[in-house]
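The structure appears below as structure tokens.
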Ligand SMILES: Nc1ncnc2c1ncn2[C@@H]1O[C@H](COP(=O)(O)OP(=O)(O)O)[C@@H](O)[C@H]1O
Ligand SMILES: [Mg+2]
């Protein structure tokens, strides 16, 4: 049987004005894996994630999610997307925000489970404006997972979190992946890369290299992932 891919991106190009944000990206994410998109600011990670969701229309190339060509509004019910900037309703409570995302995605239950997973069930009645930054991020994660998506896209989900909370986020990603969810997570923090099964190194809108953390290290001939990234990025990365 053919291996099933949760995400299949083929030759995607996207220009904003004269800027080539994605320059022919091809990648496939296997069902149930945690795939890390790594690269510096401006590399094209967010644009790539948006093209997977169908929010960015590629100039060329194709994207399929769970076997269906994107964009496809109905398929979005199978997808959870945590944006880089938290997109919560500030005047609503934690619970109301999560309920809203459940309703939009046609889920009738799951709010309590999602709040428990992010350890916010004690704060479900709190209005978002009264939450700490970390709590808001946990609330955003709950909104992205409440409808139990098969594919979860997380755009730099741990930026600004303290180390304990980052570990807790990664533990919950692991838990979800063990439950069968496919996860694509972007980061520019190399130590997070260790927690991914496979990595795609993105720079200037291109996929420079792909593989497990071990494969990336041996490809670059170094034991240090950060060093490996710099070597694979070549001279252009060092200015
Ligand atoms: N809507 C847009 N309009 C114009 N330029 C954009 C837009 N979105 C992204 N870009 C540009 O595309 C490049 C890639 O951006 P982005 O995908 O956000 O990178 P990353 O998420 O890796 O930081 C950047 O140079 C950014 O300024
Ligand atoms: Mg980004």
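None of the figures in this text is laboratory data; all of them are computed from the coordinates on show. Worth saying up front: this structure is predicted, and the values here are computed from it rather than measured. Every residue, glycine among them, receives a Cβ derived from its backbone with ideal geometry; neighbour counts consider all protein chains shown.
If the segment from residue 174 to residue 104 were pulled out straight at 0.36 nm per residue, it would be longer than the present Cα-Cα gap by 22.6 nm. By the gyration tensor of its Cα atoms, with a ≥ b ≥ c the square roots of the eigenvalues, what is the shape of the range 37-94: rounded for a/c under 1.5, prolate for a/b over b/c, or oblate? The shape class here is oblate.
Residue ranges 110-122, 181-193, 16-28 sort as 181-193, 110-122, 16-28 when ordered by packing (mean number of other C-beta atoms within 10 Å per residue, highest first).
Extent of the range 98-239 along its three principal axes (Cα atoms, max minus min coordinate, largest first): 51, 30, 24 Å.
Here the average projected area of the convex hull drawn through the C-alpha atoms of the range 113-187 stands at 4.8 nm². How big is the Rg/Rh ratio for the range 1-64, C-alpha atoms only, Rh by Kirkwood, two decimals? Dividing the radius of gyration by the Kirkwood radius yields 0.99. Using the beta-carbon distance between residue 69 and residue 127 and R0 = 45 Å, what value does 1/(1 + (r/R0)^6) give for FRET efficiency, to the nearest 0.05? Step by step, r from the Cβ atoms, then E = 0.65. Between residue 162 and residue 62, how high is the FRET efficiency from 1/(1 + (r/R0)^6) when r is the Cβ-Cβ distance and R₀ = 45 Å? Nearest 0.05. Computed FRET efficiency for residue 162 and residue 62 comes out at 0.65. For the range 169-239, taking the reciprocal of the average inverse distance between every pair of different Cα atoms yields a Kirkwood hydrodynamic radius of 13.0 Å. Each principal axis of the Cα cloud of the chain was evaluated for its coordinate range; sorted largest first, these ranges are 51, 42, 37 Å.
Remark: spin-label model distance residue 222-residue 4 equals 3.9 nm, labels positioned 7 Å along the Cα→Cβ axis. Springs join every pair of Cα atoms under 10 Å in this Gaussian network model of the chain, and among 106, 54, 205 the largest mean-square fluctuation is at 106. Shape descriptor for the range 58-145: Rg over Rh equals 1.05 (Cα atoms; Rh from the Kirkwood inverse mean 1/r).
If both residues of a DSSP beta bridge must be in the chain, then about 55% of such bridges are antiparallel.
Fully extending the segment from residue 15 to residue 232, taken as 0.36 nm per residue of separation minus the present Cα-Cα distance, adds 75.7 nm.
Taking 162, 214, 171 as the candidate residues, the one with maximal mean-square fluctuation in a Gaussian network model of the chain, Cα springs under 10 Å, is 162.
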